[in-house]
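Chemist: Encoded as C-alpha cells, here's the structure I'll be asking about.
The values are calculated or read from the model by the stated rules, or taken from the named source; none is laboratory data. In this text, all values refer to a predicted model and were calculated from it rather than measured experimentally. So basically every Cβ, Gly included, is an ideal-geometry build from the backbone, and we count neighbours across all protein chains shown. Each accessible area value is taken on the protein alone, full model and side chains, heavy atoms only, with ligands, DNA and RNA left out. Shrake-Rupley method; radii C 1.70, N 1.55, O 1.52, S 1.80 Å.
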Amino acid sequence: MNVNEPSFRDSVDMMFDRAVAVMNLSPGLKQKIKVCNSTYTVRFGVRLRGEIHTFTGYRSVHSEHMEPVKGGIRYAMGVNQDEVEALAALMTYKCALVEAPFGGSKGGLCIDPRQYEEHELEQITRRFAYELIKRDLINPAQNVPAPDMGTGEREMAWIVDQYARMNTTDINARACVTGKPLNSGGIQGRVEATGRGVQFALREFFRHPEDVAAAHLSGGLAGKRAVVQGLGNVGSHAARFLSTEDDVKVVGIIERDGGLWSDVGLDIQAVLDWMKAHGGSVKGFPGATYVENGASLLEADCDFVVPAAMEGVINLSNADRIRAPLIIEAANGPITAGADAILRKKGTIIIPDMYANAGGVTVSYFEWVKNLSHIRFGRMQRRAEEARNRLLVEELETLSADQGLGWSLNSEFKNRYLRGSDELELVRSGLDDTMRIAYQSMREVWHGRNDVDDLRMAAYIVAIDRVAASYRAKGL
Ligand code: GLU
C-alpha cells in the first residue's frame, strides 16, 4: 500500500472530521464522539497438538451512548488494535444510521482459521469468549458480538453456549450474541442479511432517478453490469440475489486466487459450487475468462462495483483508474480516505459502508429482540392474519355468487394473500423498511444542504447528529 495512505482508523477519523466540520457541535462533544472509549487486549494460551499456543484478541468499545454495544468478532491474521478500533467506530455510526439502539463495538482474534481443525477452533473460541465474558465484554445487556470476517454461525453457537455455562441463571443468555444458528436462538434470514441489505440498498438507490443520474446512469437495476469483489458471506449472497432477482449482470468477480469475467454475466451459484469443489479456487471455471490479477477487475468498465471483502482495497494506488461510476461498499472501509477524495473529485457516487452493509446488524437487532422476548416473530399473529384474510376472501366469493357476478379470485393470488407472515417474511420486511428509511435520511442531507456533496458525508452527519442527541440527553 502507498506510504501516504493513512491507517484504517485514521481514515475513519478523517471522514468523521470532514463531516463534523460542517456540524454545529461543541469541540468537546466532537472529540467525545470520535474517540474510542476502550480497547481490551487479551493474550491467552490454548494447549493444542501437545503445545501451548498463545493467541492475541481484542474487544474494542467505541461508544456507549446506548447499551448494549454491538459489533462482530473477526478472525484474521491481519487483526490489530487500529483495525478493531476503526471497525468499532463504524459500528457506532452504522447503528445510529439504521436506528438500531446500540453503541458501537468490535472484536478480533489474530488467527488464520484455516490452519485449525474444528475442535481446535472450538477450544480457541471458547477460551476467547471466556476471557471476554468474565469482563462483561460479552453480555446481553452490555456487549453483544456477532459474526464478521472468518466467523459465522458455528462460532456464535460456541460463544452462546460458553456464556450460558458461565451464567446459568441468566434467563436472557441467548441474547449475549447474534448471528447464531436457529437451534441456538438465531433468527431466520440472518446469514444472508448483509447481502440482502446490499440488494435493498441498491434497489432504493435506483428508486431515485435524480441520484441515479448523479452517477451518470439511467433506468433501473435490471441489466446493469456489476463487478463483485469477494464471494464470502456478504458478496456471495449479494451477487446471487442481484443476479437472480434483479436481473443484474455480474460480469466480474474477484476472489483470493484471481478473478472471473463474463460479458453475459456469471451464474453465481455455479461459481460458488465450482469453488466448493475446487478448494476455494475460481481458476478453470468454465464459460468465463480467468484473470490472474483479480484486483485489476475493480478497474473494469461496468456500472457498479461491490467491494465485499475487506478494508483498503480501493486506495491511492488504484483509485484514479476506477471506471465504474457507482461503488457500493458492502465491506467495512473498502475505500481509504485518500481514495475517497480522488473518487469524489471524479464524480464517482459511493454508497457508504455504514449504510450499505448495515443489513447484518439490523437483523442482529431483530435477533436480539427475539431472544429477549423469548418468542419467534409471527408466532402469535400468523394464523390470526390468515383468518382475517380468509374472511375477506370468503365474503368476496359469497358476494360474487349471491349477485351472480361470476368473479373468481385467481388461486395463486388467493394462496399468497391468505398466507400470514412467518419470521423470514417479517425479517425481510423489517430490513427492507430499515434500508429505505436510512437511505432517505441520508439523501435528505445530501440534497438538502449545499455544504454536503456526497452520501458518505451525509451518512456521517445523520449518524453523528443522533449520537450527539443521545449524549446531550444524558446531560453531557
Ligand atoms: N460484523 C457485522 C458488521 O460489521 C455485523 C455486526 C452485528 O451484527 O452486530 O456490521
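Chemist: Mind listing whichever residues of segment 210-244 are over 15 Å from the mean Cα position of the chain (by Cα), open to solvent by 10 Å² or more (accessible area, probe 1.4 Å) and β-branched (Val, Ile, Thr)?
Modeler: The answer is Thr244, and nothing else.
Chemist: Quick test for you: out of Gly265, Gly312, pick the one residue that is outside any helix (DSSP H, G or I) and either among the β-branched types (Val, Ile, Thr) or under 22 Å from the mean Cα position of the chain (by Cα) (or both).
Modeler: Residue meeting the stated conditions: Gly312.
Chemist: Can you tell me which residue among Asp451, Asp465 is in contact (Cβ under 8 Å) with a residue 60 or more places away in the chain, over 23 Å from the mean Cα position of the chain (by Cα) and open to solvent by 20 Å² or more (accessible area, probe 1.4 Å)? Please lay out each step first, then the result.
Modeler: Values: Asp465 fails: over 23 Å from the mean Cα position of the chain (by Cα).
Within the list Asp451, Asp465, the selection yields Asp451.
Chemist: Output the residue which, of all residues in segment 127-146 that are of a type in the set (Gly, Ala, Ser) and open to solvent by less than 20 Å² (accessible area, probe 1.4 Å), is nearest to the ligand (Cβ to nearest atom). Before the answer, list the steps.
Modeler: Of the residues in segment 127-146, the ones of a type in the set (Gly, Ala, Ser) are 129, 141, 146.
Now drop any that are not open to solvent by less than 20 Å² (accessible area, probe 1.4 Å), which leaves 129, 146.
Details: Ala129: 15, Ala146: 3 Å.
Per the stated criteria, the residue is Ala146.
Chemist: Which condition does Met310 not pass, out of (1) surrounded by fewer than 17 Cβ atoms within 10 Å (Cβ to Cβ); (2) at pLDDT below 95, if it passes all the others?
Modeler: (1)
Chemist: Of all the residues that make up segment 326-377, how many are within 16 Å of the ligand (Cβ to nearest atom) and under 20 Å from the mean Cα position of the chain (by Cα)?
Modeler: Number satisfying all stated conditions: 28.
Chemist: List pairs: first residue in segment 378-398 and over 18 Å from Phe413 (Cα atoms), second residue at pLDDT 95 or above and in a helix (DSSP H, G or I) anywhere in the structure, Cβ distance under 6 angstrom, at least six positions apart or on different chains.
Modeler: Going by the 6 Å Cβ cut-off, the qualifying pairs are Gly378/Glu423; Gly378/Leu426.
Chemist: Ok, one more. Under 7 Å between Cβ atoms, which residue pairs at least 6 apart in sequence (or on different chains) link something in segment 61-86 that is within 15 Å of the ligand (Cβ to nearest atom) with a partner that is of a type in the set (Lys, Arg) and not in a strand (DSSP E or B)?
Modeler: These pairs meet every condition: Glu85/Arg9; Ala86/Arg9.
Chemist: Considering only segment 64-91, state which residues are part of a helix (DSSP H, G or I) and under 21 Å from Ile133 (Cα atoms). Steps first, answer last, please.
Modeler: Going residue by residue through segment 64-91, those that are part of a helix (DSSP H, G or I) are 81-91.
Residues satisfying the conditions are Gln81, Val84, Glu85, Leu87, Ala88, Met91.
Chemist: Taking only segment 97-126 into account, find how many residues are among the charged types (D, E, K, R), surrounded by 20 or more Cβ atoms within 10 Å (Cβ to Cβ) and farther than 20 Å from Asn80 by Cβ. Quick ask: steps written out before the conclusion?
Modeler: To start, the set of residues in segment 97-126 that are among the charged types (D, E, K, R) comprises 99, 106, 112, 114, 117-118, 120, 122, 126.
With surrounded by 20 or more Cβ atoms within 10 Å (Cβ to Cβ) added as a condition, the list becomes 106.
Retained after the next criterion (residues that are farther than 20 Å from Asn80 by Cβ): none.
The qualifying residues number 0.
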